[in-house]
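Presented below is the structure to which this report refers.
Throughout, read-outs are computed from the coordinates displayed, never taken from laboratory work. All values derive from a computational prediction rather than experimental measurement. FYI the Cβ positions are ideal-geometry reconstructions off the backbone, even for glycines, and counts take in every protein chain you see.
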Amino acid sequence: MRHRLKEWLGPDKSGVLVKQLLVEAERLGLPSRDTTIAQEYLDYAEWGLAFEHIVTQIFEYAISLTASFYEQVEVCAESMKMPPEAYSILLLLVKK
């Protein structure tokens, strides 16, 4: 499914994926202050900065994650050609 999603989104897929990630992160408990900061990055097409902020703050707040959310993180990172080191710390927060 991941590969079909990336093809379907087209050239602006990173922005769309990070926006979806932000919505889900907020649902999981990312504080509104941090969602506002990430949204400001998105408003200026700074997909990578928004992604890094989301990942960092999720880890800082130790927000419990689902395997599905972690897969969303992977897809976002891959779309921006980020290495696993940029987000793999979140594996520690995935509920087993």
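In table form, for the structure just shown:
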| quantity | calculated |
| --- | --- |
| Stokes-Einstein D for the chain, Kirkwood Rh over Cα pairs, 10 °C, 1.306 mPa s (µm²/s) | 120 |
| Cα-based reach from Lys13 at 20 Å (exclusive), listing lysines while leaving out same-chain residues under 8 positions away | Lys81 |
| The chain, helix-only ellipticity at 222 nm - DSSP H runs n ≥ 4, -39,500 (n - 2.57), divided by all residues, nearest 500 | -20500 deg cm²/dmol |
| Proximal charge balance of Ala67 [Cβ under 12 Å; K/R count +1, D/E count -1] | 0 |
| Net charge over other residues, Cβ less than 12 angstrom from the Cβ of Gln39 (K, R count +1; D, E count -1) | -3 |
| Rounded FRET efficiency, nearest 0.05, which uses the C-beta distance separating Ile63 from Thr36 and R0 of 25 Å | 0.90 |
